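Visitor: Take a look at this one; I'll ask things after.
The values are calculated or read from the model by the stated rules, or taken from the named source; none is laboratory data. Just so you know, these numbers come straight off a predicted model, no measurement behind them. Because the Cβ atoms are built from the backbone with ideal geometry, glycine has one as well, and the counts that use them run over all protein chains shown. Protein only, heavy atoms only, side chains kept; ligands, DNA and RNA dropped before computing areas. Shrake-Rupley method; radii C 1.70, N 1.55, O 1.52, S 1.80 Å.
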Amino acid sequence: MGTGGRRWIFADQLGEHFLDAAGQPVLLIESRAVLRRRRFHRQKAHLVLSALRHRAAELGDQAVFRPCDTYGEALAGVREPLTVCRPTSYAAAGFVAGLPDVTVLEPRGFASSQAEFARWARERGRRRLLMEDFYRDARRRLDVLMDGAEPAGGRWNFDTENRQPPPPGGLEAPRPWRPAEDEIDERVRHDLSRWERDGDVAFVGRDAPRAFPATRAEALAALADFVAHRLPGFGPHQDAMLAGDPVMAHSLLSAALNLGLLDPMECVRAAEAAYRAGRAPLASVEGYVRQLIGWRDYVWHLYWHLGPSYRAENRLAADVRPPEWFRELDAGAVRARCLSWALEQVRDHGFTHHIVRLMVLGNYALQRGFHPADLADWFHRCFVDGYDWVMIPNVVGMSQYADGGTLATKPYAAGGAYINRMSDFCGGCDYRPAERTGDTACPFTAGYWWFLARNEHRLKGNPRVTVQLRNLRRLPDLDEVCAREQDRGTGPP
Ligand SMILES: Cc1cc2nc3c(=O)[nH]c(=O)nc-3n(C[C@H](O)[C@H](O)[C@H](O)COP(=O)(O)OP(=O)(O)OC[C@H]3O[C@@H](n4cnc5c(N)ncnc54)[C@H](O)[C@@H]3O)c2cc1C
Ligand code: SF4
């Protein structure tokens with residue numbers, strides 16, 4: 001429930017659903033200090049500033065827009081009470097909670113409310129908070145893809161259909177929707193370049209034409225395009241990677257969702273309508289819906305449920321600082337084709353799809369023992385859709401297993417065989433995915449065994465890793481593999 005008055009909206013609360021009524025007065029703040037504090041990807045800084053300025057322009061007289069150094073400075077000039085939907089990070093939520101004359105409302109922009117998640121978690125009692133259970137609860141509660149009390153098609157889960165390797169001839173998904181830049185983008189580019197020249201801010205990654213929606217109208221166009229042309233092919237190959245097709249049939253809507261330009265339920269309803277009208281197969285639609293009311297909401301609620309100390313979890317005692325070539329996105333320094341390609345995507349676009357994040361970038365960091373909080377910071381700064389609430393559970397929990405298994409039932413560690421099966425990278429690589437020793441040993445394959453050897457004592461009690469640990473002990477050359485990987489250290493593979 002809102003309370004009217006002037007609504008302060010953050011740069012990730014840009015949609016109409018963060019206001020209570022058309023015409024409600026709005027406050028928007030553009031803080032330079034936020035950009036100064038961290039070295040963001042140039043295209044991420046561009047997207048956020050562009051979206052904020054577009055919203056200010058769209059609201060016109062309805063909004064007070066304050067470009068300032070700090071939030072405090074901007075707020076000092078505000079002489080009326082404000083309301084704000086609870087911001088999306090602990091730091092920002094703590095900041096607004098301490099302000100006089102600011103009423104903090106329930107957060108918005110997710111499919112399930114905090115009370116609904118809390119009820120579900122309470123009912124689970126001491127059992128694990130599994131995503132699959134939360135997702136099924138949300139499907140029933142929100143009445144998504146349900147035929148009465150039963151899931152559409154008689155099944156909750158189409159993962160078996162949706163985990164196929166890439167098709168031999170490529171996917172041939174229609175190209176995704178892309179925006180055209182305007183004079184606001186021109187101004188943003190000019191400002192960012194000037195601030196960088198003045199030494200006020202520094203960026204990582206390359207500049208390029210804006211590739212993601214910055215307005216509600218653009219976000220709606222991107223959603224309509226996805227549902228009409230790409231959703232039908234979303235499911236079967238969503239876990240596959242292709243060097244010549246970095247986006248495949250993914251929606252590319254995460255940045256628009258996380259800016260608040262789209263509400264997840266409108267995406268879900270649009271996808272379900274396509275299924276009901278026979279325009280998209282159930283396996284693809286279920287796969288997409290699961291990502292939104294399942295994974296996206298689940299990590300959002302876990303971020304708050306697990307508390308502010310969760311970010312510091314490091315149960316695998318990983319303490320390696322990500323090396324400079326990784327931090328600087330120096331794809332050219334890397335011979336391993338999959339990793340070089342992934343870094344190149346981040347450098348040039350500030351984006352890769354999920355499996356590249358999890359099974360190439362995250363997997364490499366996990367194997368090499370990168371410090372989870374350092375890695376979360378890197379992902380947060382380098383990805384256009386990165387925010388604290390989404391990075392912390394995805395990186396600390398899902399990708400680095402630093403919580404000891406709260407979020408993922410086993411570490412997402414895999415050798416070259418997995419990458420070879422799910423991509424077309426290995427054919428053109430200097431290394432061989434099946435080799436773990438010698439000059440052409442795949443760094444992912446050797447790194448996988450080295451990771452298991454280093455963490456054997458920590459993973460021993462996990463039944464989902466028993467077979468892998470048994471295989472580890474059968475390796476005749478384990479000492480050699482570990483010694484070589486130790487020597488390789490943090491140099492680019
Ligand atoms: C290490 C790591 C870091 C990640 N960092 C982010 C991040 O900073 N921001 C972000 O939005 N997602 C993040 N994800 C989740 C996921 O990779 C991206 O949401 C997805 O790749 C975005 O591309 P898309 O919109 O084409 O997604 P699609 O493949 O089209 O999926 C549909 C939607 O589902 C949602 N979604 C799916 N999985 C997740 C998830 N695990 N967490 C949250 N939302 C999810 C996204 O909103 C996405 O738009 C991360 C995953 C990993 C493993
Ligand atoms: S051989 Fe190894 S390093 Fe090369 S692309 Fe395959 S998995 Fe990556």
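Visitor: Only one of ALA115, ALA138, ALA149 is closer than 30 Å to THR409 by Cβ and in contact with a Ser or Thr (Cβ under 7 Å, 6 or more places away or on another chain). Can you tell me which?
Guide: Just one listed residue meets the conditions, ALA138.
Visitor: With respect to the numbered conditions (1) of a type in the set (A, V, I, L, M, F, W, C); (2) open to solvent by 60 Å² or more (accessible area, probe 1.4 Å); (3) farther than 17 Å from GLY5 by Cα; (4) in contact with a strand residue (DSSP E or B) (Cβ under 7 Å, 6 or more places away or on another chain), which one is the sole condition not fulfilled by ALA115?
Guide: (4) is the only condition that ALA115 fails.
Visitor: Could you list, in sequence order, the residues of region 455-485 that are touching a helix residue (DSSP H, G or I) at 6+ places or on another chain (Cβ under 8 Å), in a helix (DSSP H, G or I) and open to solvent by 60 Å² or more (accessible area, probe 1.4 Å)?
Guide: Residue satisfying the conditions is ARG484 alone.
Visitor: Let me ask another. Can you tell me how many residues within region 324-382 are within 14 Å of ligand 1 (Cβ to nearest atom), of a type in the set (Gly, Ala, Ser) and open to solvent by 10 Å² or more (accessible area, probe 1.4 Å)?
Guide: 1
Visitor: Now for a different question. I want to confirm something. Restricting to region 355-375 and keeping residues that are within 16 Å of PRO411 (Cα to Cα) and either away from ligand 2 (no atom under 16 Å from the Cβ) or charged (D, E, K, R) (or both), which single residue is nearest to the chain's Cα centre (by Cα)?
Guide: Out of the qualifying residues, it is ARG357.
Visitor: If you don't mind, there's one more thing I want to ask. Could we say that ALA408 is within 13 Å of ligand 1 (Cβ to nearest atom), small (Gly, Ala, Ser), free of Cβ contacts under 8 Å to residues at least 40 places away in the same chain and open to solvent by less than 10 Å² (accessible area, probe 1.4 Å) here? Walk me through how you get there before you give the answer.
Guide: Numbers: within 13 Å of ligand 1 (Cβ to nearest atom): yes; small (Gly, Ala, Ser): yes; free of Cβ contacts under 8 Å to residues at least 40 places away in the same chain: yes; open to solvent by less than 10 Å² (accessible area, probe 1.4 Å): yes.
Taking the combined requirement at face value, the residue satisfies it.
Visitor: Would you mention how many residues in region 383-399 are more than 8 Å from ligand 1 (Cβ to nearest atom) and open to solvent by 10 Å² or more (accessible area, probe 1.4 Å)?
Guide: The number of residues fulfilling the criteria is 2.
Visitor: Another question about this same structure. Which members of region 411-427 meet the condition of being without any contact (Cβ under 8 Å) to a residue 40 or more places away in the chain and in a helix (DSSP H, G or I)? Don't jump to the end; show me each part of the working.
Guide: So in region 411-427, the residues without any contact (Cβ under 8 Å) to a residue 40 or more places away in the chain come out as 415-417, 420, 427.
Hits for region 411-427 are GLY416, ALA417, ASN420, GLY427.
Visitor: Which ones in region 411-435 are over 14 Å from ALA336 (Cβ atoms) and away from ligand 1 (no atom under 16 Å from the Cβ)?
Guide: Of everything in region 411-435, those that are over 14 Å from ALA336 (Cβ atoms) and away from ligand 1 (no atom under 16 Å from the Cβ) turn out to be ALA417, ARG421, ASP424, ALA434.
Visitor: Just checking, which of ASP424, ASP430, ASP403 is of a type in the set (Asp, Glu), away from ligand 2 (no atom under 16 Å from the Cβ) and out of contact with any strand residue (DSSP E or B) (no Cβ under 7 Å at 6 or more places or on another chain)?
Guide: Just one listed residue meets the conditions, ASP403.
Visitor: Something else: Please go through region 182-236 and pick out each residue that is open to solvent by less than 70 Å² (accessible area, probe 1.4 Å), of a type in the set (D, E, K, R) and either farther than 24 Å from ARG39 by Cβ or without any contact (Cβ under 8 Å) to a residue 60 or more places away in the chain (or both).
Guide: ASP182, GLU218, ASP225, ARG230
Visitor: Here are the criteria: (1) assigned to a helix (DSSP H, G or I); (2) more than 30 Å from TRP156 (Cβ to Cβ); (3) open to solvent by 50 Å² or more (accessible area, probe 1.4 Å). Tell me which single one ALA317 does not satisfy.
Guide: Answer for ALA317: the failing condition is (1).
Visitor: Which residue, of GLY294, GLY307, is near ligand 1 (Cβ under 10 Å from one of its atoms) and small (Gly, Ala, Ser)?
Guide: Working: GLY307 fails: near ligand 1 (Cβ under 10 Å from one of its atoms).
When all the criteria are applied, what remains is GLY294.
Visitor: Of the conditions (1) modelled with pLDDT under 95; (2) open to solvent by 60 Å² or more (accessible area, probe 1.4 Å); (3) not basic (Lys, Arg), GLU435 satisfies every one except a single condition; which number is it?
Guide: (1)
Visitor: Suppose we filter GLY153, GLY148 for residues that are farther than 28 Å from ALA217 by Cβ and surrounded by fewer than 13 Cβ atoms within 10 Å (Cβ to Cβ); which single one remains?
Guide: GLY148
Visitor: If I filter region 121-168 down to residues being closer than 17 Å to THR406 by Cα, within 26 Å of the chain's Cα centre (by Cα) and assigned to a loop (DSSP other than H, G, I, E, B), which single residue comes out as modelled with the lowest pLDDT?
Guide: ARG128
Visitor: Pairs please, first residue from region 471-493 and under 14 Å from GLU456 (Cα atoms), second anywhere and part of a helix (DSSP H, G or I) and within 16 Å of ligand 2 (Cβ to nearest atom), Cβ atoms under 6 Å, 6+ apart in sequence or on different chains.
Guide: CYS482/TRP450
Visitor: Follow-up. Does ALA336 meet the test of being small (Gly, Ala, Ser) and away from ligand 2 (no atom under 16 Å from the Cβ)?
Guide: no
Visitor: Hey, another quick one. Looking only at residues that are aliphatic (A, V, I, L, M) and closer than 22 Å to ASN314 by Cα in region 438-454, which one is surrounded by the fewest Cβ atoms within 10 Å (Cβ to Cβ)?
Guide: Taking the candidates together, the pick is ALA453.
Visitor: Let me ask something else about it. When residues of region 244-287 are filtered for being within 15 Å of the chain's Cα centre (by Cα) and under 18 Å from HIS354 (Cα atoms), how many remain?
Guide: Here the count works out to 11.
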